[in-house]
1. I need the full set of residues from region 443-475 which are under 15 Å from ILE170 (Cα atoms) and of a type in the set (S, T, N, Q), in order please.
2. Report whether or not LYS417 is surrounded by fewer than 19 Cβ atoms within 10 Å (Cβ to Cβ) and free of Cβ contacts under 8 Å to residues at least 40 places away in the same chain.
3. Name the residue that is nearest to PHE360 (Cα to Cα), counting only residues in region 99-120 that are out of contact with any Pro (no Cβ under 8 Å at 6 or more places or on another chain) and open to solvent by less than 50 Å² (accessible area, probe 1.4 Å).
4. I need the full set of residues from region 123-150 which are crowded, with 20+ Cβ neighbours inside 10 Å and within 18 Å of GLY173 (Cα to Cα), in order please.
5. In this structure, does VAL217 turn out to be at negative phi, at pLDDT below 90, of a type outside the set (Asp, Glu) and surrounded by 16 or more Cβ atoms within 10 Å (Cβ to Cβ)?
6. Tell me, please, whether a residue that is under 19 Å from the mean Cα position of the chain (by Cα), modelled with pLDDT of 95 or more, crowded, with 16+ Cβ neighbours inside 10 Å and closer than 30 Å to ALA399 by Cβ can be found in region 286-297.
7. So in region 316-368, with the set limited to residues that are part of a helix (DSSP H, G or I) and open to solvent by 40 Å² or more (accessible area, probe 1.4 Å), which one is nearest to THR58 (Cα to Cα)?
Amino acid sequence: MTAILGAGISGLAAGHYLLRKTPTLPLTIYEATDRIGGWIRSERSPDHGYVFEAGPRTIRPKGPAASNTLELIEELGLTDQVYSISSNHTAARNRMIYAKGKLNLLPNSLGGVLKTVPPFTKPLYFAAFHDLLAGRSKTALTDESMYSFVERRFGKEIADYAVSSMLCGICAGDAKQISVKFLMKDLFEREQRHGGVIVGLLKEALQNRKKKQSQSVKKPATQMARLADRAKAENWSIYSIRGGLQTLPETLATDLQTKGVSIVTGTKFEELTFDGDRVVLRVDGKEQLLQHLVSSIPSYKLAKHVQKQHPQLASTLSSIPFVDVCVINLRYRRGDLLQQDGFGFLVPPIENLPILGVIFDSCCFDMDDNTVLTVMMGGAWFEQWFGKNPSDEHLLGVALEHIKKILHIEQQPDSYKVNLLRKCIPQYTVGHQDRVKAIRAYVEQHRLPLSLCGASYDGVGVNDVILSARKNVETIQQ
């Protein structure tokens with residue numbers, strides 16, 4: 001028997017790929033909470049025409065990991081439920097940052113890059129000149145913070161306003177702590193190889209062109225899912241699933257159960273022991289003897305259960321930090337409250353405000369005649385702004401104060417939801433990739449019948465954790 005710890009999207013995806021590999025595999029998924037889906041949580045109000053999302057709400061359609069997710073959606077029969085937003089949609093074109101006391105629309109065309117756009121004091125193309133003039137790093141680097149890299153290569157303004165705010169939106173993290181390899185690994189490695197990002201891009205483009213000219217036999221095109229082809233043809237920017245993103249894990253769980261998988265929620269995971277090539281798992285007072293265990297739970301939770309037998313592994317697992325985020329959903333029974341439509345805005349840390357950003361949900365999706373907003377707060381700065389145990393009333397008050405200040409919405413929301421998500425997003429701080437390599441090397445060296453997937457290791461986005469599940473269970477020897 002094989003077991004999976006965690007029924008979030010990565011754990012459920014692991015189940016899907018395990019069954020695809022071995023259809024008759026006896027499989028149980030254990031979930032500590034009373035629901036499946038992990039941080040994906042949609043609160044639906046069909047009578048009033050809106051959805052509150054406590055976690056992720058959209059998925060990006062571009063890249064190999066994205067194509068894998070679209071393939072999964074096809075396999076689950078959800079193609080007709082996909083709600084796509086094209087690149088020329090207002091929500092895709094209009095993205096803002098709040099800086100220097102006002103909302104600033106970021107450039108969405110070449111023309112915007114060629115002129116000075118607030119909050120920047122120079123045209124953005126100056127960043128390329130900065131990179132060309134910066135020269136090689138003084139010493140060879142194996143990793144550095146995102147902020148340090150961008151400031152060195154492209155200037156302080158790009159680091160302060162563009163990259164720092166972007167990380168607030170992606171992982172609620174501090175660019176001065178997050179590894180450059182989290183999002184810019186290729187650019188960083190080009191700089192280290194060639195002495196600059198632009199120079200590296202140009203050199204490698206020229207090398208690739210020469211390689212293509214010298215190759216007499218063309219490689220066959222990569223087979224993509226039909227839905228991925230459609231996303232490319234229709235130029236999708238982002239997409240979701242009708243009824244909220246929770247439809248995806250719900251459908252995945254139902255599909256697994258129809259194939260004989262047992263999904264047990266509300267379980268108490270008590271003890272984990274490795275005994276040769278087997279795993280002894282104690283859940284709800286009962287011992288299960290397993291051939292293999294897949295863990296999709298956060299690394300710090302797994303660390304507690306391997307501490308006794310494998311303290312070195314536990315130490316590395318627990319060294320991956322996590323942050324708390326407060327997500328507040330607001331709904332107003334008026335559809336005309338926003339002065340500027342768009343996806344929403346982010347707030348760079350240099351502004352020294354407790355909010356990370358606001359998503360304009362009703363601009364992205366059909367919410368009838370409602371204005372629906374999601375305010376994100378805290379992250380790497382949660383305790384600094386809110387202490388250890390803030391009340392829901394205080395958190396809501398801070399959110400409404402900034403909605404009034406920035407968006408000039410003075411009325412009270414007609415409905416709201418305060419979601420305090422404790423230790424919800426892992427932070428890929430400098431050295432993260434080395435930590436993950438050390439974790440997997442330890443598992444391999446000690447021949448532990450254990451596979452690891454999920455947001456702690458291979459990326460924090462929906463696409464990332466699904467692909468993490470696929471890659472890590474496909475290597476299991478049954």
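1. Listed by number, the residues that qualify are SER456, ASN463.
2. On the way: surrounded by fewer than 19 Cβ atoms within 10 Å (Cβ to Cβ): yes; free of Cβ contacts under 8 Å to residues at least 40 places away in the same chain: no.
Taking the combined requirement at face value, the residue does not satisfy it.
3. PRO107
4. If the condition is that a residue be crowded, with 20+ Cβ neighbours inside 10 Å and within 18 Å of GLY173 (Cα to Cα), then MET146, TYR147, PHE149, VAL150 are the ones that fit.
5. Details: at negative phi: yes; at pLDDT below 90: yes; of a type outside the set (Asp, Glu): yes; surrounded by 16 or more Cβ atoms within 10 Å (Cβ to Cβ): no.
No: the conditions fail for VAL217.
6. First, the residues of region 286-297 that are under 19 Å from the mean Cα position of the chain (by Cα): 295-297.
If we keep only those that are modelled with pLDDT of 95 or more as well, we get 295-297.
From what's left, crowded, with 16+ Cβ neighbours inside 10 Å: 295-297.
Next, only the ones that are closer than 30 Å to ALA399 by Cβ stay: 297.
Yes.
7. Within region 316-368, the match that is nearest to THR58 (Cα to Cα) is PRO349.
This table checks each residue for (1) buried (at least 22 other Cβ atoms within 10 Å of the Cβ); (2) among the polar types (S, T, N, Q); (3) more than 23 Å from the chain's Cα centre (by Cα).
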residue	(1), (2), (3)
LYS21	no, no, yes
ARG35	no, no, no
TRP39	no, no, no
ASP47	no, no, yes
PHE52	yes, no, no
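The values are calculated or read from the model by the stated rules, or taken from the named source; none is laboratory data. Given the structure is predicted, the values throughout are model-derived calculations rather than measurements. Please note: Cβ atoms are built from the backbone with ideal geometry, for glycine as well, and neighbour counts cover all protein chains shown. In case anyone asks, the SASA skips ligands and DNA or RNA and just uses the protein heavy atoms, side chains included. Shrake-Rupley method; radii C 1.70, N 1.55, O 1.52, S 1.80 Å.
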